[in-house]
1. Between the range 55-85 and the range 88-105, what's the alpha-carbon centroid distance in Å?
2. What is the distance, in nm, between label points placed 7 Å from the Cα along the Cα-to-Cβ direction at Arg39 and at Glu106?
3. Regarding the chain, what are the three Cα extents along the principal axes, ordered largest first, in Å?
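What follows draws every value from the coordinates through simple rules; no lab data is involved. Just so it is clear, the structure is predicted and the values come from calculations on it, not from any experiment. Cβ sites come from the backbone with ideal geometry, for glycine too, and all protein chains shown count toward neighbours.
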Amino acid sequence: PAGSSSRVPCDGPAVDIDGDGCDDDVRLDGEIVEVDGARFALGIAGDTAVVGDWDCDGIATARLLRATSGEVFEFPSWATADSDTTGELIGVVDGALGVVRGDDPEGNGCDVLYVVGPDGTKEEL
């Protein structure tokens, strides 16, 4: 959720940004992601970012909900001083209210993104 801090122990499903196998201090505020002091602006004001390990590779990346359109984008990598990154559209949920990171229900160790619809139901992306 916006304004929260997510810190997960190394022996659990880590939110590992740099691939070292340990958790990183991640703070989310709308479309802004702050990782150990580095700030990443994703999307535009009013968007909501969430960070997780979506593909079970041990490295967390960002996904972003544009609530005005229900579009959900995935950022396959983090921007660096030498290169930007571009979000890829992975789905659209009409009337989306928010996004929630959850554990993979099949127990594969990766994170799953749920988009909260207007009726409160969660759709997995």
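1. Cα centroid of the range 55-85 versus Cα centroid of the range 88-105: 13 Å apart.
2. 3.9
3. 38, 35, 24
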